[in-house]
1. Could you look through segment 164-186, keep only residues that are of a type in the set (S, T, N, Q) and assigned to a helix (DSSP H, G or I), and pick out the one that is nearest to ALA101 (Cα to Cα)?
2. Are there any pairs with C-beta distances below 9 angstrom linking a residue in segment 21-46 that is under 23 Å from GLY9 (Cβ atoms) to a residue that is of a type in the set (Asp, Glu) and more than 13 Å from the ligand (Cβ to nearest atom), with the two at least 6 apart or on different chains, and if so which?
3. Among LEU78, LEU89, which is within 25 Å of VAL178 (Cα to Cα), within 16 Å of the ligand (Cβ to nearest atom) and out of contact with any Gly (no Cβ under 8 Å at 6 or more places or on another chain)?
4. Residue check: is ALA209 within 12 Å of the ligand (Cβ to nearest atom), surrounded by fewer than 19 Cβ atoms within 10 Å (Cβ to Cβ) and not β-branched (Val, Ile, Thr)?
5. Cβ-Cβ distance below 6 Å, separation of 6 or more or different chains: which pairs start in segment 144-156 with a residue that is surrounded by fewer than 20 Cβ atoms within 10 Å (Cβ to Cβ) and end on one that is among the basic types (Lys, Arg) and modelled with pLDDT of 95 or more?
6. Of the conditions (1) out of contact with any Gly (no Cβ under 9 Å at 6 or more places or on another chain); (2) within 30 Å of GLY190 (Cβ to Cβ); (3) assigned to a loop (DSSP other than H, G, I, E, B), ALA136 fails just one. Which one is it?
7. Among the residues of segment 275-285, what is the count of those that are within 16 Å of GLY151 (Cα to Cα) and exposed (fewer than 15 other Cβ atoms within 10 Å of the Cβ)?
8. Just need a number here: residues in segment 1-29 that are away from the ligand (no atom under 13 Å from the Cβ) and not in a helix (DSSP H, G or I).
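The values are calculated or read from the model by the stated rules, or taken from the named source; none is laboratory data. This structure is a prediction, so every number in the text was calculated from the model and none was measured. Please note: Cβ atoms are built from the backbone with ideal geometry, for glycine as well, and neighbour counts cover all protein chains shown.
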Amino acid sequence: MTDAPLMAGKSVLVTGGTGGIGKATAIGLAALGARVAITGRDQARTEAAAAGIRAATGSPAVDAFAADMSVQAGVRRLAVQVLDTYPRLDVLVNNVGGFWAHRHVTADGLERTFALNHLAPFLLTGLLLDRLTASAPARVVTVSSGAHAGGRIDFEDLQGERNYSGQRAYSQSKLANVMFTYELARRLDGTGVTATVLHPGVVRTSFGAEDQAAYFAVMSRVARLFMKIPAQGAVTSIYLASSPEVEGITGRYFANRKPKPASKAAYDTAAAARLWQASAGLAGLTATT
Ligand SMILES: NC(=O)c1ccc[n+]([C@@H]2O[C@H](COP(=O)([O-])OP(=O)(O)OC[C@H]3O[C@@H](n4cnc5c(N)ncnc54)[C@H](OP(=O)(O)O)[C@@H]3O)[C@@H](O)[C@H]2O)c1
């Protein structure tokens, strides 16, 4: 008799699964037997990626949801579709994220890096939390970056209206991912839902390609030679989403499948609570945990 695959019977949502680290994460989890949903902005591209994941893994259980997650209506529509389709949700991988050298404003009037990298996972997690809790033990895994260490939450200018820099906005959003995870873990204590956050490494993907600063483009041509491939970049996401070794582990930051200390700022509980309140206000999310 052969053992059932590790993730058999589990349902997983990976945001931003059409390419890069997210697609590699979806492939890894589908190969472990999970039913996997991926998201992307464009319906045809997302369907094509889902077909690619089915072909790569031999698993038919791969679903595609198209949603522009930089817009809150898109996140809300996505949550409704997921709740309608998935009677249980065992793992949410908040992977979607991007870098923009210049300041862009979303249809909600929010700076795009903050909206997509932080508010989208904040809102999506809030909208799916009851389903995750009902499916406990369940996991929320959020993809941050080592760049969080250079970040500072500028409560006076969260949207970079006064002074935008792509690097500053990105680092702030990735610090927000870590603070969100730590605060979520505190709020979910005793529910059976864990929250972990990770740095995937420096990975050769389409990251930042939509709006690169000139120096970033030159740097990245050289740097790309030394980067991880997406399958290597997905290792820690897959580990945190599936491994029995991290069952019950919550409120921790990981890199290379190992717990690591995050930056000092990430442990500021007063700032994390303030960020939560500000985010709930901006996302129009009231009654969460
Ligand atoms: N690459 C690295 O070296 C690195 C290092 C540290 C952390 N990270 C983090 O890892 C995560 C994944 O990055 P990656 O390098 O794999 O990026 P990527 O190759 O650019 O992939 C981004 C994914 O997000 C989707 N996406 C982008 N904008 C979206 C939007 N508005 N709404 C919905 N989906 C959207 C893309 O799908 P479509 O284009 O099809 O919409 C794609 O599937 C990010 O959170 C990033 O911050 C990456």
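1. GLN167
2. Correct list of pairs: ALA34/ASP90; ARG35/ASP63; VAL36/ASP63; ALA37/ASP63; ILE38/ASP63.
3. LEU78
4. Judged against the criteria, ALA209 is a match.
5. Close Cβ pairs (under 6 Å, with a partner that is among the basic types (Lys, Arg) and modelled with pLDDT of 95 or more) amount to ALA147/LYS174.
6. The single condition ALA136 does not satisfy is (1).
7. The number of residues fulfilling the criteria is 0.
8. 12
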